[in-house]
Amino acid sequence: MIIVMKPKASKKQVDHVCAKIKEYKLLPHISKGKETTIIGIIGDERILQGVPFEGFSGVEKVMQILKPYKLASRDFKKENSIVKCGNVEFGGVKVVMIAGPCSVENRKQILTTAKAIKEAGAHMLRGGAFKPRTSPYAFQGLGEEGLKMLAEARDTYGLPVVTEVLDTRHVALINKYADMFQIGARNMQNFELLKEVGKTQKPVLLKRGMMSTVAEWLMSAEYILANGNMNVVMCERGIRTFETATRNTLDLSSVPLVKGLTHLPVAVDPTHGTGKKSLIMPMSRAAVAAGADAVLIEVHPNPEEALSDGDQSLVPAEYRELVKETEKIAKAVGRTI
Ligand code: PEP
Ligand code: MN
């Protein structure tokens, strides 16, 4: 951190800032120019987060040097992390294909979908048992019954399952049935929930909040890592912009950006990212071209009857085509599916 003092800052004001820095057992380094005094801080400045230096009298501005996230940072770990989930690995040469319905609706629906996506080439099954719906009157998910159906589909078809956890009270229950927690966009900054999944060793798919910056998203990952769970996969799912032609604006530039900032694998969800069936395949291809480690797609055997997100769900035949097309891009960039 560098603290720039105002041109007329007094010695007393400079000393006051230095004293505060020393309270945290860090060393201030004063560089006195003709006009201004600059105080550099030697040591890990992150412990100073929350000290309101900008408000100290005589201070002009404060500049952070180190990233506010530590364990998530590439500085902490240079090589890519591999996150294991059952027989699947995120962050290796293979791009992980995750597919399934928005919501688990009944046993037949989830078993039919699991079989179809497995045949199409998917590696993991998704499906919500606890749904974060905008309307309290909309289908809220089957809860534990849905988790049991997911577990049966996993055991029948050998596909590890990922499902959303909405609430700290459900962490232990979901931990019992699922292979990976999904933290949804709406909960990306539910810090108590992040801490709770951080206390388990189960992999976590951390969706980007719909109004979150990359730095905020990485800080959310940091919460999970700081609580002891290093098995985090970041998931870009689009952000809200002024554009209304798509459900969200899929920020594919975040993929190479985040992969540069963190060692954690990065997934992309073109389904929620666009909300438009016609855009899902091209954005899946683009995601892999941009370096995505996983692609998450909603698939439903009969989207017309879906209880949530039917309008953006692919049928199994469309998903099969998507896997084939995405595989061509994977090969072109030295990866496999
Ligand atoms: C989902 O994956 O079903 C979902 C609700 O996603 P998001 O949190 O990205 O909206
Ligand atoms: Mn959905």
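Read the figures in this text as sums done on the coordinates, not as results from a lab. Because the structure is predicted, anything quoted here is derived from the model rather than measured. Methodologically, a virtual Cβ is constructed for each residue, glycine included, from the backbone with ideal geometry; neighbour enumeration extends over all protein chains shown.
Points worth noting:
- Of residues in the stretch 143-187 being in contact with a Gly (Cβ under 9 Å, 6 or more places away or on another chain) and of a type in the set (D, E, K, R), the one nearest to His123 (Cα to Cα): Arg154
- Answer residue from the stretch 246-270, given it is in contact (Cβ under 8 Å) with a residue 60 or more places away in the chain and within 16 Å of ligand 2 (Cβ to nearest atom) and is surrounded by the most Cβ atoms within 10 Å (Cβ to Cβ) among those: Asp269
- Subset of the stretch 284-300 that is hydrophobic (A, V, I, L, M, F, W, C) and either on the phi > 0 side of the Ramachandran plot or crowded, with 22+ Cβ neighbours inside 10 Å (or both) - its residue that is farthest from the chain's Cα centre (by Cα): Val299
- Every residue from the stretch 292-304 that is away from ligand 1 (no atom under 16 Å from the Cβ) and under 15 Å from Glu89 (Cα atoms): Asp293
- Set side by side, the residues Ala122, Ala116, Ala99 differ, and just one is within 16 Å of His300 (Cα to Cα), among the aliphatic types (A, V, I, L, M) and part of a loop (DSSP other than H, G, I, E, B), which is Ala122.
- Within the stretch 47-83, the residues that satisfy the criterion of being surrounded by 14 or more Cβ atoms within 10 Å (Cβ to Cβ) and not hydrophobic (A, V, I, L, M, F, W, C) are Gly58, Glu60, Lys67, Pro68, Tyr69, Lys70, Ser73, Arg74, Lys77, Asn80, Ser81.
- Test for Lys25: is it assigned to a helix (DSSP H, G or I) and out of contact with any Lys or Arg (no Cβ under 6 Å at 6 or more places or on another chain): no
- Residue among Leu194, Leu206 that alone is crowded, with 18+ Cβ neighbours inside 10 Å, outside any helix (DSSP H, G or I) and of a type in the set (A, V, I, L, M, F, W, C): Leu206
- Checked against (1) without any contact (Cβ under 8 Å) to a residue 60 or more places away in the chain; (2) more than 13 Å from ligand 1 (Cβ to nearest atom); (3) in a helix (DSSP H, G or I), Gly273 meets all criteria but (2).
- Among the residues of the stretch 288-315, those identified as touching an Asp or Glu at 6+ places or on another chain (Cβ under 8 Å) and in a helix (DSSP H, G or I) are Pro303, Gly310, Gln312.
- Pairs with Cβ under 6 Å, 6+ apart, first in the stretch 45-72 and free of Cβ contacts under 8 Å to residues at least 24 places away in the same chain, second outside any loop (DSSP other than H, G, I, E, B) and surrounded by 15 or more Cβ atoms within 10 Å (Cβ to Cβ): Glu54/Val62
- Of the residues screened, Arg320 is not one that is crowded, with 19+ Cβ neighbours inside 10 Å, among the charged types (D, E, K, R), farther than 22 Å from Gln182 by Cβ and more than 16 Å from ligand 1 (Cβ to nearest atom).
- When Glu222 is tested against (1) outside any loop (DSSP other than H, G, I, E, B); (2) more than 16 Å from ligand 1 (Cβ to nearest atom); (3) more than 13 Å from the chain's Cα centre (by Cα); (4) surrounded by 15 or more Cβ atoms within 10 Å (Cβ to Cβ), just one condition goes unmet, and that condition is (3).
- Residue that is farthest from Ile2 (Cα to Cα) [pool: residues in the stretch 21-45 that are under 33 Å from the mean Cα position of the chain (by Cα) and of a type in the set (D, E, K, R)]: Asp44
- Tally of residues being part of a helix (DSSP H, G or I), small (Gly, Ala, Ser) and more than 17 Å from Asp167 (Cα to Cα) across the stretch 125-153: 2
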